[in-house]
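Below you'll find the structure, written out as structure tokens, and then a few comments.
Values quoted throughout were computed directly from the atomic coordinates according to the rules given, and no laboratory measurement underlies them. Note that the structure is a prediction, hence the values are computed from the model and not measured. Note: ideal-geometry Cβ built from the backbone for every residue, glycine included; neighbour counts use all protein chains shown.
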Amino acid sequence: MTQMIHRYWSKEMRFLWETNSRKFYYWLLVELAVLEARENLEEIPKGVHARVREIFESIIDSMPNPMFQEFWDQVTSAIEKRDRTIHHDLNAFIEIMRAMIILSNNDFRAMIYEVDDEKFDKMLENALAHVTDNSDASYFHDGMTSYDTEEPALALLFQDSCSFINNGIAKLEMALKSRAVKHRGQLMVGRTHGQHAQPITFGIKCLNWLDMVQRSQMAIWESARKYEVMKLSGAVGVYGTLGPEVEECLSKRLRLNPVIATQIIPIDYRARIVSEMAIFSSVIEKIANDLWLMSQTEVGEIREPFGKKQKGSSAMPHKKNPISLEKLRGLSSIVRGFSIAMNELIATSHERDISHSSAERIIHQTVFAVIDHQISVLTYVINEMTVFPEKMLENIEMTYSTISSQKLEMLLKEKGIGAEEAYRTVQEACFEAVNKKIHLKDIIRNNSPVFELVETGVLTYEEIVALFDWREWIQNEDFIYQRAGINKDVVE
């Protein structure tokens, strides 16, 4: 799975999800915080937490660094090696951590660097045999179930990931806002049902995209905030081994809110985040699709960035294929698919089964990796794409100004022509203009009853011509920009 999505991972997202290093680090933080809480509550001997924490101090201090230390990578490999033997990654983690507490630094290093699996297992099992009652190692994970460790840790990992995604969305918003400001007043044709409709500006089009992105950012952030939760309530959620007071202390230490849970926190918390990610991915697809349609040869209004040495086709050297936009559209289907999968995982049996675990291991890393990549690629395209204003103006006239049909219809009704007759008169004139490739104003003035209105002075030819001043169509553009929070004096 890692190899399949490797090309779509940024360095930062790879740091969080590619290996188990970050996950095990958060597991360690949770376990140490539980020791601290229990010691403060006088449930375990004084000094246990300080002594255990001192052993892991160098690891904890190194974690903020983007690159994990080689030692922790080796510890991670040792946990994974043990997992292949006992088929339980949390138990493997506990065993390696307890061994690290018991053994001297040299003995522990010798164990984790042992390449022979049988020798490694024997060294570990010999070390664990020395875990006696009331030893420091015996209190590590004492009274807890797997998901008392995993749930708070996963919430912290989601916090890091959502925070990074949020920063990426902010950059995308800046790119879209910059385009909206730059192309304010840039006339182009608006399209509905794939057909020319009425004039719009490229700036307003960018504002629509920006509004959708901002809405998704708020929804993702809100769902992420709701998932700032944890549990330390035991195997079925009734605090059978550790009391609520330990959970309360842990929640304050980790800044997570304790919630009602079984062995696990209800999966709908994470499903909501993935669902919002899927909606946002669809927003990205909508923007990419609009730009892709605008980049078609016969439209030619924009072109995505194309490198100096880039190749568009193996067979046709003339092509500049919009591969980035097409990639964005394809990746959205992956995120939507995983959103459906997450919703299906909500229905675990009773207080918990393991059906959700295997799927979530794939879903989380993939969704975050893909969304992060989509944000990065779309931001790059928005910032670096080439816009062709002259082509936008040319395309407005492609349908011989028939896009002014609604205003023409309204003018005829204002001059006394019935609604149905006005509609049919304008419709026939528009069809004739396109068929004969003649400007609509030249067709309409010779049509009855328009001709009769002109002859009697009720309607002037100047009034007809004024309908084709495209600037009149966008006279409320400033109002739309103000609604988006962009004042008229804002410059690129």
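Starting from 0.36 nm per residue, how many nanometres of slack lie between residue 226 and residue 51 once their C-alpha separation is accounted for?
On the way: separation 175, 0.36 × 175 = 63.00 nm, distance 3.48 nm.
Net length gain for the segment: 59.5 nm.
Helix-derived [θ] at 222 nm for the chain: sum -39500 (n - 2.57) over DSSP H runs of at least 4, divide by residue count, nearest 500?
On the way: 22 runs with 314 residues, N = 492.
Computed mean residue ellipticity for the chain: -20500 deg cm²/dmol.
Can you bin the stretch 84-145 into rounded, prolate or oblate? Criterion: square roots of the alpha carbon gyration tensor eigenvalues sorted a ≥ b ≥ c, rounded for a/c under 1.5, prolate for a/b above b/c, oblate for the rest.
Since a/c reaches 1.5 but b/c is at least a/b, the shape of the stretch 84-145 is classed as oblate.
Classify the stretch 451-492 as rounded, prolate or oblate, taking a ≥ b ≥ c as the square roots of the eigenvalues of its Cα gyration tensor: rounded when a/c is under 1.5, otherwise prolate if a/b is larger than b/c and oblate if not.
Prolate.
So if R0 is 30 Å, what FRET efficiency would residue 314 and residue 289 give, r being the distance between their Cβ atoms, rounded to the nearest 0.05?
The pair residue 314/residue 289 has a calculated efficiency of 0.75.
Tell me, what does the Kirkwood hydrodynamic radius of the chain come to in angstroms if you use every pair of distinct C-alpha atoms?
27.3 Å
Normalising by the residue count of the chain, find the relative contact order in percent from Cα pairs under 8 Å and 6+ residues apart.
16 percent.
Sequence neighbours fewer than 8 away in the same chain don't count; with that in mind, list the lysines whose C-alpha is under 20 Å from residue 441.
Cross-link targets: 407, 413, 415.
For residue 347 and residue 255 in one chain, what is 0.36 nm times their gap in residues minus the Cα-Cα distance, to one decimal in nm?
Working: separation 92, 0.36 × 92 = 33.12 nm, distance 2.80 nm.
Residue separation times 0.36 nm, minus the Cα-Cα distance, leaves 30.3 nm.
Taking a spot 7 Å from the Cα of residue 390 along the direction of its beta carbon, which residues of the stretch 279-315 have an amide N less than 19 Å from it?
295-304
Quick one: check the C-alpha center-to-center distance for the stretch 147-168 versus the stretch 194-223, whole angstrom.
28 Å
Restricting to bridges with both residues inside the chain, how much of the DSSP beta-bridge set is antiparallel, in percent to the nearest 5? List each step's numbers first, then the result.
Values: 7 of 9 bridges.
The antiparallel fraction comes to roughly 80 percent.
Pick out the long, greasy-scoring helices in the chain: whole DSSP H runs spanning 30 Å or more along their own axis by Cα, mean Kyte-Doolittle at least 0.5.
Membrane-span-like by this criterion, though nothing is claimed about a membrane: 323-345.
Evaluate E = 1/(1 + (r/R0)^6) for residue 86 and residue 60, where r is the Cβ-Cβ distance and R0 equals 25 Å; express this FRET efficiency to the nearest 0.05. It would help to have the intermediate numbers written out before the result.
On the way: r = 26 Å, r/R0 = 1.03.
Once the sixth-power term is evaluated, E becomes 0.45.
Which log10 I(q)/I(0) values does the stretch 3-135 give at q = 0.19 Å⁻¹ under the Debye formula, counting every alpha carbon as one identical point scatterer?
Computed log10 I(q)/I(0) values: -1.18.
I need to check one value: relative contact order of the stretch 380-486, counting alpha carbon pairs closer than 8 Å and at least 6 residues apart, in percent.
Normalised by residue count, the contact order of the stretch 380-486 is 23 percent.
Can you tell me how much longer the chain between residue 355 and residue 462 gets when fully stretched, taken as 0.36 nm per residue apart minus their C-alpha distance, in nm with one decimal?
My answer for the length gained is 31.2 nm.
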